[in-house]
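These notes concern the structure reproduced below.
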Amino acid sequence: MLAVICFGFRVIVYDVLLFLQATIIDRDLNEYSPSASSTSKHLSCSHRLCDLGTSCQNPKQPCPYTMDYYTENTSSSGLLVEDILHLISGGDNALKNSVQASVIIGCGMKQSGGYLDGVAPDGLIGLGLGEISVPSLLAKAGLIRNSFSMCFDKDDSGRIFFGDQGPATQQSTSFLASNGKYITYIIGVETCCIGSSCLKQTSFKAIVDSGSSFTFLPKEVYETIAAEFDRQVNDTITSFEGYPWKCCYKSSSQRLPKLPSVKLMFPQNNSFVVNNPVFVIYGTQVGVS
C-alpha cells in the first residue's frame, strides 16, 4: 500500500480545551445534567462572570453563553451553571484528602458544526486564562497553584493534574499578552530548527490550542521551514487531491522516508520538539502519525 505523508506542522499543545472523546460509540458517557445534581444552580445574569448579562431582560434570569470556535461553523450556546467539582489529591492518601470546589459549567442547548459530527460527545472542560476557567476558579479559591499539567499515554488516554508544576526537567516559555491582556495561550517562537539547521527569520507568535488540530504559521515563515524540511527529506514532492498540503511525499507504508526533527526555540534557550510533524494519508483514509 502506498502512503502520502504531508508536512503540515502539526503542533498540538493541550492547554485551552480538553476534548473528552469517547472511542466506543455506545459507551455510557455519564453526561452531566444540572437537574440530576442536588448542588447545581444557574448563574444569574447579574453575576460578575456573566459576559452576556447586559443582554438579559431580567438580572435574575439564567446567564446565557455563546462560544464560536476556530473550526468552521462550529459553535455552542446555552446557559451557565455553578456546581461542585469533587477532587482528590495525589499520593497514597488521595481518598483522605478530597476537596469540593465550586466551578462554572456551560450547559449547551444549541450546538453546530463539529459538535453535530460527534466531536467531544461528553463535552469540553475550559482550561483557559480567563476568570471563568476551571484552573482560575480553583486557584482563586486557594485550592491549587495557578497551573495544571496534562499527561497522555501512547493510546491518547491520560489524566489532568490541577496545581501541578511538572517535572523539574520540564522546559517552559512565558505566555504573551494580547492588547495588554492575557486572554489566551499565545507564545513567541524565536526560531525554528529543522534537523541541525536553525533558520533565520523564522520567529512568530502563535496560539497553542487543543481546539485546533494544526498550528498555522505566517506564510513566509512556513515557506522557509517547508523548503528546508523538503531539502532534508530528499524525496519527490507530490500532491494529494482534496487536501491543501503542498509539501507531500509518496512512500510505501512499510517504509516511510527518513524525516528530519522539527524543534521550536523559545527565549532563554528553551525548546519544544515537535513529535511526528507530518499528516499521513492512506488512500482515502487519513491518519496522523
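The values are calculated or read from the model by the stated rules, or taken from the named source; none is laboratory data. Since this is a predicted model, take the numbers as computed values, not measurements. Note: ideal-geometry Cβ built from the backbone for every residue, glycine included; neighbour counts use all protein chains shown.
Considering the range 59-76, the residues that are more than 17 Å from His42 (Cα to Cα) and assigned to a loop (DSSP other than H, G, I, E, B) include one that is modelled with the highest pLDDT, namely Thr74.
Cβ separations smaller than 8 Å between residues 6+ apart or across chains give the following pairs from the range 242-255 residues that are more than 16 Å from Gln232 (Cα to Cα) to residues that are modelled with pLDDT under 75 and buried (at least 16 other Cβ atoms within 10 Å of the Cβ): Tyr243/Cys6; Tyr243/Ile281; Trp245/Cys6; Trp245/Phe7; Trp245/Gly8; Ser252/Ala3; Ser253/Ala3. May I ask you to list the residues in the range 126-149 that are within 17 Å of Met67 (Cβ to Cβ), crowded, with 17+ Cβ neighbours inside 10 Å and in contact (Cβ under 8 Å) with a residue 12 or more places away in the chain? Gly126, Leu127, Gly128, Leu129, Ile132, Val134, listed by residue number. Taken as a whole, the structure places Val134 among residues that are at pLDDT 85 or above and either under 25 Å from Ser40 (Cβ atoms) or out of contact with any Asp or Glu (no Cβ under 8 Å at 6 or more places or on another chain) (or both). Taken residue by residue, the range 128-137 has no member that is over 23 Å from Ile207 (Cβ atoms) and of a type outside the set (A, V, I, L, M, F, W, C).
Exactly one residue out of Val119, Val103 is surrounded by 13 or more Cβ atoms within 10 Å (Cβ to Cβ) and either charged (D, E, K, R) or assigned to a loop (DSSP other than H, G, I, E, B) (or both): that is Val119.
Look at Thr54 and say whether it is of a type outside the set (D, E, K, R) and surrounded by 11 or more Cβ atoms within 10 Å (Cβ to Cβ). For Thr54, the condition - of a type outside the set (D, E, K, R) and surrounded by 11 or more Cβ atoms within 10 Å (Cβ to Cβ) - is not met.
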